[in-house]
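Enquirer: There's a structure below that I have some questions on.
All of the numbers you see were taken from the coordinates with simple rules; none came from a lab. Note that the structure is predicted; figures quoted are calculated from it, not measured. Positions of Cβ are backbone-derived with ideal geometry, glycine not excepted, and every protein chain shown enters the neighbour counts.
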Amino acid sequence: MRPLRTRAVRALALGAAAMLIATGCSTGTRANSTSAAAGQIPPTASAGELRDHALQSIEGKTVAFVPVGLGTPLMEEWNRQMESGFKAAGLNYVLRDPNWDTAKQAEAVQSLINEKPAVLVVHNFDVQILAKLIQQAEQAGIYVIQINMVSNYKSDAFVGADTIDLGRRIATDIVGECGAHTPTSHEVQIVQGDATSGFTLDVMAGAKEVFDQHPEIKIVSTQAANWDRTKAHDITATVIQQHPNLCASWGFWDQMQYGSAAAIKEAGKLGQVKVFTSDHSSITCEGIRDGMFHQSYGYSVPTQGTDIVAIAKYLLQSGQAPGTARIADYTPLVKIDKSNWNQPNMCYDGKSDGLTVS
């Protein structure tokens, strides 16, 4: 979604900020100290010493990624960016795909803890499933980075959307389309992902702040489709029958919400029912182009992948023990609608850089 130069500057700034946290807080030393903690180099080190430290810190190390499941543009893009970035840095990259099976995901993480990669990247099904395993990984000396759906246990780093702000923004936009000043029913459907995922819980928390100030908004249905397009379709088909004057349908992921849009189209209600979602895969841009979606919010998915690579390299060079830092990198939110869906790099497909809408 943004030029390569911007991504590079962002990664450098992120590393610098993280270093300040580690040296100024986690190790208990003053930021202007001329001494260095164990595993770190002093500020008076030569350029050659800095280079040697950086390269030796990551040499032969392994990074492992456990998503919830491949096969969608979101997971494919993260995997593509991480595989490319880690291999370019000379790191070994391992992928364990549980194929949307929570038990297999936990098994994959447990197996990796036994294998002891240097860094583990996880995408949580919900706030609890991997919480104890993430803690075990850090206790075993493994840095853990969580992506886009946070656990109850906060690891070394989190990279993802600011989902509380995302909820506020979309709820505000829905009020703009369906609020008291509009000649509508003010009726709104919400299609959650997994009801206990960090993404769902935080989006709902942000939305509640807005909707509590607009009692005219009538939430007629709040159901979890568990990120599944077919479930979203079936839920919405029933809701539209029960509420034929529905004003808006909001689903938390474009892959899933496309099913809701299809049900609304089948009912002949596209246009009347504004379809809201988030993410910025090719599904979003094609949906907006074809009138299936009213709008979406992208959260810079390719950048999330490159930021994970930058943070992992920082952690390996930092000299700090796993579990001693708690940092979060929230990637920018970008509103996508009819006015900008076809701009270069607005959407991704998990396969290549650049606009991929056919």
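Enquirer: I need to check one value: relative contact order of the chain, counting alpha carbon pairs closer than 8 Å and at least 6 residues apart, in percent.
Expert: 20 percent
Enquirer: Amide H of SER281: which non-local residues (sequence gap of 5 or more, or other chain) have their own amide H closer than 5 Å, using H built in the peptide plane?
Expert: Answer set, sorted by chain and number: TYR348.
Enquirer: Summing Lys, Arg as +1 and Asp, Glu as -1, what charge do residues with Cβ under 15 Å from the Cβ of ALA195 carry, ALA195 excluded?
Expert: Taking every Cβ under 15 Å from that of ALA195, the sum is -2.
Enquirer: Take each complete run of DSSP H in the chain, measure how far its Cα atoms stretch along the helix's own axis, and keep only those covering 24 Å or more with mean Kyte-Doolittle hydropathy at least 1.0; list them.
Expert: In the chain, the long hydrophobic H runs are 4-21.
Enquirer: Using a Cα-Cα cut-off of under 16 Å, which lysines could be cross-linked to LYS335, ignoring same-chain neighbours fewer than 8 residues away?
Expert: Straight-distance partners of LYS335: LYS274.
Enquirer: Taking every Cα atom in the stretch 173-258, find the radius of gyration and the maximum pairwise distance Dmax, and write them in Å.
Expert: 12.6, 35
Enquirer: I would also like to ask the following. Please work out the C-alpha center-to-center distance from the stretch 165-227 to the stretch 260-325 and express it in whole Å.
Expert: Cα centroid to Cα centroid, the span is 17 Å.
Enquirer: Something else now. Grab every C-alpha pair in the stretch 68-113, bin the distances at 5 angstrom width from 0 up to the longest one, and report whole percents.
Expert: All Cα pairs, binned at 5 Å, distribute as 5, 21, 23, 23, 20, 7, 1 percent.
Enquirer: Which one, ILE113, PHE293, THR72, projects farthest toward the positive side of the charge dipole computed for the chain from Cβ point charges (K/R +1, D/E -1)?
Expert: ILE113
Enquirer: Let me ask you something else. Just for the Cα atoms in the stretch 203-358, what are the lengths along the principal axes, largest first, rounded to whole Å?
Expert: In descending order, the Cα extents are 60, 38, 27 Å.
Enquirer: Also, quick follow-up: Using the Cα gyration tensor of the stretch 188-238, with a ≥ b ≥ c the square roots of its eigenvalues, what is the shape: rounded (a/c below 1.5), prolate (a/b larger than b/c) or oblate (neither)?
Expert: Judged from the Cα gyration tensor, the stretch 188-238 comes out oblate (a/c at least 1.5, b/c at or above a/b).
Enquirer: Taking DSSP loops as anything outside H, G, I, E and B, show the longest stretch in the chain free of GluC sites (Glu not before Pro) there with at most 16 other beta carbons within 10 Å. Spell out each step's value before the answer.
Expert: Numbers: sites that count: GLU59, GLU216.
Looking at the chain, 60-215 is the longest stretch - no exposed GluC sites (Glu not before Pro) with at most 16 other Cβ atoms within 10 Å.
Enquirer: Here's another thing I want to ask about it. What number, in percent, do you get for the relative contact order of the stretch 270-358 if the mean sequence gap of Cα pairs under 8 Å and at least 6 apart is divided by its residue count?
Expert: Values: 111 pairs, mean separation 31.4, N = 89.
Reported as a whole number, the value is 35 percent.
Enquirer: Continuing with the same structure: Would you mind working out the magnitude of the charge dipole of the chain relative to its Cα centre, with +1 at each Lys and Arg C-beta and -1 at each Asp and Glu C-beta, to the nearest 20 Debye?
Expert: 560 debye
Enquirer: Sticking with this one: For the stretch 265-358, what proportion of DSSP beta bridges, expressed in % and rounded to the nearest 5, is antiparallel?
Expert: Of those bridges, close to 40 percent are antiparallel.
Enquirer: Given that compact globular proteins tend to follow 2.2 N^0.38 Å, what is the ratio of the alpha-carbon Rg of the chain to that value?
Expert: Rg over 2.2 N^0.38 Å, computed on Cα atoms: 1.06.
Enquirer: Among all the aspartates and glutamates, which ones have a C-alpha under 17 Å from LYS87's C-alpha, if same-chain residues fewer than 8 places away are not counted?
Expert: Counting by Cα, and skipping residues close in sequence, LYS87 has these aspartates and glutamates nearby: GLU59, GLU76, GLU77, ASP307.
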